[in-house]
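Some notes on the structure that comes next.
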Amino acid sequence: MTTGPHSSGQPGFLKNANSAAREVFIPWFLDNKGGSFEQMLRSMHRVSATGLPAQREEFTGLDNYSSADVFPGMSRVEVLEMDEAGINAFGGREKFEAAVAHLRGNQMWTPMVVNRELYMRKFKTLSELKKEGTVVEDKYRIVIPQRGRSIAILADFQTEGDLVKRVQWDVVPPGLSPEGKIQNVWQRVDDARVVENYSYFPDERQLPSFIREAERLMNEIKALPVLPNGSGSHSRLLVLLADYFQVMLTSHFFCRINFSLLMNQVNTILYLNNMNPVYHEDLDRWAIVLPPEQFREVFVDQVRAFNP
């Protein structure tokens, strides 16, 4: 069984992903085999990174990291708390720090889906932004085209003279408290260029809340009856899948391959419910920058585009 397109086109990674779905996720999802929800996540991650024990399949990801750099089955908290013996076994302090540099400071990747829109307005004065409707009262209005319609994000902003210096907005994933927020920042460093635009994943102390909410959502998904495709019959399933995806993706539970693991789960669940798998596209970035209500719309649109 193939669970659909994945973020890495390398054969080793695709083989591992299919093994993770077939040998770990489906038995757990259908028959509760393989332990707890968190044990299932860790097992899927381990197989995604290195393959099944009998047929190890190493891979090199698109970002020039190997399966070892994924720290198979370990949460990002466990990786950062690794003792010297573990670090030495990994290959030494220098190699370890290079592999975990992206975890320091809880910084995620750039929300590029909004950066393009912000970049076009970086030289405009505050009065010009107000005149065109980008700044309304005390909010910066970011408008992004997506599948034939526009999505608006209302953000806080700071000025320096008559120029916008910094734009910031927080996203609280569904079912989480404000302490679990994702902070998105766009900052103009000088008049010539933008060098800072980034997102922060939640503090590691919030991870248990994320896992509890993700497990609750997955249990709801498992309890739904299997329905035929078409006629909008999967509306409840897609909303639950959207919420589950956003909660797990923004938790950044593992060091790497969070997105691919989640898309593997999503496409497997769609397959089991008689629906076509979907491409990744920018779902990960949308999950980071959009409030839950808007992300649900984007996620459902994505699935419906592959299931007309």
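Read-outs: derived from the displayed coordinates by stated rules, not from any lab. Just so we're clear, the structure is a prediction, and the values are computed from it rather than from any experiment. Please note: Cβ atoms are built from the backbone with ideal geometry, for glycine as well, and neighbour counts cover all protein chains shown.
Miscellaneous remarks
- Here's the list of lysines a cross-link from residue 124 could span, going by alpha-carbon distance under 21 Å and ignoring same-chain residues fewer than 8 apart: 139, 165.
- For region 11-51, size of Cβ-based charge dipole, Lys and Arg +1, Asp and Glu -1, in debye: 120
- Euclidean distance of C-alpha centroids, region 242-297 and region 72-102, integer Å: 26
- HN-Hα J in Hz across region 94-102 - Karplus 6.51, -1.76, 1.60, θ = phi - 60°, x for Gly and Pro: 4, 5, 4, 5, 5, 6, 10, 4, 6
- Per DSSP, loop chymotrypsin sites (Phe, Trp or Tyr not before Pro) in region 135-190 with at most 15 further Cβ within 10 Å: none
- Converting phi to 3J(HN,Hα) with the Karplus coefficients 6.51, -1.76 and 1.60 and the offset θ = phi - 60°, region 214-221 yields 4, 5, 4, 5, 5, 5, 5, 4 Hz in sequence order, with x at every glycine or proline.
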